[in-house]
Structures are given as structure tokens and as C-alpha cells.
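One structure is given here, and the rest of the page talks about it.
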Amino acid sequence: MDVYLKPLAAGVLALVGLLVIIALFVTHPTWLVPVVVAMAGINLALLLAVAR
């Protein structure tokens, strides 16, 4: 079951992360940019960890 759940969870995480990042960039207060970049980095690290 894990074999099917992991890519699915990774896909959902990536989608949610992308939507959040896009939403933040559309509203784009300047102080949020570093937070968004950090979140993107964390999201990428999580995806790589799950993919392994």
C-alpha cells in the first residue's frame, strides 16, 4: 500500500505547496517573499525525502 500512497502524498503536497506559493505571490506583501522561498525549499526537501 505504501508504494501507491507515497507518490500520491508527494503529488498532493506539491500541488498544495504550489497553490499556496501562487496565492502568496498574487497578494505579494514584500515581507512574505523570504517566507515563501523558505516554504518552497522545505516543500522540495519533503518531496525528495518522500520520493526516496
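Computed from the coordinates by the stated procedures, all read-outs in this text should not be read as laboratory data. Just so you know, these numbers come straight off a predicted model, no measurement behind them.
Figures for the structure shown
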quantity: Pairs of alpha carbons in the chain whose separation is greater than 12 Å (percent); calculated: 64
quantity: Calculated [θ] (222 nm, deg cm²/dmol) that DSSP helices of n ≥ 4 give over the chain, each run adding -39,500 (n - 2.57); calculated: -31000 deg cm²/dmol
quantity: Nearest-ten-degree value, helix 2-27 long axis tilted from longest Cα axis of the chain; calculated: 10
quantity: Full-stretch length increase - L15, V33 - with 0.36 nm per residue and alpha-carbon distance subtracted; calculated: 4.6 nm
